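No lab work stands behind these numbers, since they all come straight from the coordinates. Not measured: the values here are computed from a predicted model. No Cβ is skipped: glycine too gets one built from the backbone with ideal geometry, and neighbour counts run over all protein chains shown.
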Amino acid sequence: MKRIAILTSGGDAPGMNAAARAVVRKAIYEGLEVYGINYGFLGLVNGNIHKLELGSVGDKVQRGGTFLYSARYPEFATEEGQLKGIEQLKKHEIDGLVVIGGDGSYHGAEALTKRGFPTIGIPGTIDNDISGTDFTIGFDTALNTVLDALDKIRDTATSHERTFIIEVMGRDAGDIALWSGLAGGAEAIIVPEEKFNMDDIVGRLNKGRERGKKHSIIVVAEGVMSGNEFASRLAEYGDYHARVTVLGHVQRGGSPTAFDRVLASRLGARAVDLLLENRGGLAVGIRENKIVENNITEILKEKHHLDDDMFKLASILSI
Ligand code: F6P
């Protein structure tokens, strides 16, 4: 292994830059050459490949987004796309690849390894929906962004005695909703992994009202339904002075938290170690504060699970 490359793919996540920096600097420290591929797998197929030096990743650790740019490129699922990608890697005499991204990006990394090109996956997505790791890069930052919004919304909800429905991202996973809801004391948390019953939610709101509590926060994960749809359903039960806030892409931006920067640095360095050992087809992760690696095919088969105990706790604490 003499020359490796790195790309970021799918939805960006705060901390991707810190991970890329770790890959570049650890690789150069180990005597490797590093190339950056812009725009994920799309850039790979188009040969958008350039050399990275130590200085290329200076002033990046604190920045959100990804300086390598990102793209969603479903065409990489085709044989044609994968063969074109490998052709570009060979043309640039690259021996190993690091892919930072979520589920879709892992499929690309798996495909390349199956075709004989050693590729390592680093979990980078705000959704925290990748198996084999307790946390994905970007989740903690997104969570804190949501929490900041939730705290602010509670101020105005209290002043006006309103019910606020906050729609958060997460695709099919409820982690952002659960963690922000628990941390922000939401009266109800609606996630795809747990069934909910509108009668119960309304019962909760009414109970709160009976004891003089007239404002409420309900966090709805986008994977269940939109905040507006939830508000319409709630309106069938009476007037709860509901207002909807859709946080949207603000959740994907901003300077990464210390947690995300440290996680990204540790995962990036381990990815380089694995390539140095000539191992591909692995995804790095963190488990009980230890950096681990797992077979990427196994990770893709496993379903990510929401923490049931935490969900129950959030419900107990919000009575
Ligand atoms: O996977 C990250 C994510 O932000 C999801 O939470 C969300 O559903 C999706 O990406 C939005 O994608 P896009 O930026 O392409 O609209």
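Measuring between alpha carbons in the structure, the pairs from LYS152/LYS207; LYS26/LYS114; LYS195/LYS303; LYS51/LYS303 lying more than 28 angstrom apart are LYS51/LYS303. Look at where the Cα atoms of region 221-239 and of region 142-189 average out, and the two centres are 15 Å apart.
As a length-normalised measure over Cα pairs under 8 Å and 6 or more apart, the relative contact order of region 200-319 settles at 15 percent. Taking Lys and Arg as +1 and Asp and Glu as -1, the other residues whose beta-carbon sits under 11 Å from that of GLY181 total -2. Summarising the amide proton neighbourhood of ILE137: residues at separation of 5 or more, or on other chains, whose placed amide H is nearer than 5 Å comprise GLY124, THR125. Fewest neighbouring Cβ atoms within 10 Å first, the residues THR113, THR66 line up as THR113, THR66. When the chain is treated as a GNM with alpha-carbon contacts under 10 Å, the residue of LEU234, LEU68, LEU282 showing the greatest mean-square fluctuation is LEU234. Semi-axis lengths, largest first, of the ellipsoid equivalent to region 36-130 are 21, 17, 12 Å, with √(5λ) applied to each eigenvalue of the Cα gyration tensor. Within the listed set GLU87, GLU277, GLU110, the residue fluctuating most in the Gaussian network model of the chain (springs between alpha-carbon atoms under 10 angstrom) is GLU277.
When the Gaussian network model of the chain links Cα atoms closer than 10 Å, the mean-square fluctuations of PHE139, PHE259, PHE41 top out at PHE259. Three principal axis extents describe the C-alpha atoms of region 156-279; from largest down they are 63, 28, 23 Å.
Remark: the chain projects, on average over all directions, an area of 16.1 nm² (convex hull of Cα atoms). Within the shell defined by Cβ-Cβ distances under 10 Å, the residues around PHE311 carry a net charge of -4, with Lys and Arg each +1 and Asp and Glu each -1.
Rounded to the nearest 500, the 222 nm mean residue ellipticity of the chain from helices alone is -13000 deg cm²/dmol, with -39,500 (n - 2.57) taken per DSSP H run of at least 4 residues.
Working from label points 7 Å from Cα in the Cα-to-Cβ sense, the LEU83 to ASN197 distance is 5.7 nm.
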